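Colleague: This structure is in structure tokens; I'll ask about it shortly.
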Amino acid sequence: MSSTPTFPRRFPLDQRPPYRGTMVKGKKTPLYGLAWVRSPQDLSRNLGDISTGNDEYRDVIRKNWKGPHSLSPRAIYGIDGNYYLVAEWNQPHSELDLKEIVAAARKAMGVENDPTTDATLQWHWFPLTWVARDWKEREAKKHGLEETQDMLRDMQH
């Protein structure tokens, strides 16, 4: 019998997780970031064909940001080879409207004119160590249940 984890790897956009550190079922809520997931090629194209191999993309995001400095969006490179463009964290802050923060982050990260980004905007659990397990689980499902069990067992060692 499988149980629902207390803290899933992702929450949908419209289901904001509790603030970080809030007790839920006897456990503290981890850090979640509301983020778009973009490949390095997509990030480069969205920001004006810049290199993602250095920090140039961070400079462009900082320059484009029009919101409060304390809420400046972050581009975090995940071990799955994608960038997680974080607009907001599940931490208390001033009474700023989430829609306004997301709109400002969308412009700063160059995703406002890319319709493929909206489907990837979710609350992701940080740090992103779970993305490798997600990938292995997807690969295992392609190869059948027996291999899935073998792969999951290997991941625990």
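Colleague: Which pairs, out of Lys25/Lys99; Lys63/Lys99; Lys27/Lys107; Lys28/Lys99, put more than 31 Å between their alpha-carbon atoms? List each step's numbers first, then the result.
Modeller: Numbers: Lys25/Lys99 29 Å; Lys63/Lys99 20 Å; Lys27/Lys107 36 Å; Lys28/Lys99 26 Å.
Over 31 Å apart, Cα to Cα: Lys27/Lys107.
Colleague: 7 Å from Cα along Cα→Cβ at both His93 and Arg10: what's the point-to-point distance in nm?
Modeller: Label at His93, label at Arg10, 2.3 nm between them.
Colleague: Then there's this: Roughly how many nanometres apart are two label points built 7 Å out from the Cα toward the Cβ at Lys27 and Ala119?
Modeller: 3.0
Colleague: Ranked by Cβ crowding within 10 angstrom, fewest neighbours first, how are Leu13, Leu98 ordered? Working shown, then result.
Modeller: Working: Leu13 15, Leu98 12.
Fewest-to-most Cβ neighbours within 10 Å comes out as Leu98, Leu13.
Colleague: Please list, ordered by chain and number, the residues whose modelled amide H lies under 5 Å from the amide H of Thr29; skip anything fewer than 5 residues away on the same chain.
Modeller: For Thr29, the qualifying residues are Gly21, Thr22, Met23, Val24.
Colleague: Packing-wise, with mean Cβ within 10 Å as the measure, how do 80-86, 115-121, 33-39, 57-63 rank, highest first? Walk me through the intermediate numbers first.
Modeller: On the way: 80-86: 19.9, 115-121: 13.4, 33-39: 23.0, 57-63: 15.6.
Descending mean neighbour count gives 33-39, 80-86, 57-63, 115-121.
Colleague: If you take the beta carbon distance between Ile50 and Ser72 as r and set R0 to 25 Å, what does 1/(1 + (r/R0)^6) give as a FRET efficiency, to the nearest 0.05? Kindly include the intermediate steps, with their values, before the conclusion.
Modeller: Details: r = 18 Å, r/R0 = 0.71.
Approximately 0.90, to the nearest 0.05.
Rule-based calculations on the coordinates, nothing more; no lab input. Owing to the predicted nature of the structure, the values given are computational and were not obtained by experimental measurement. Neighbour counts are summed over all protein chains in view; Cβ atoms, including those assigned to glycine, are modelled from backbone coordinates with ideal geometry.
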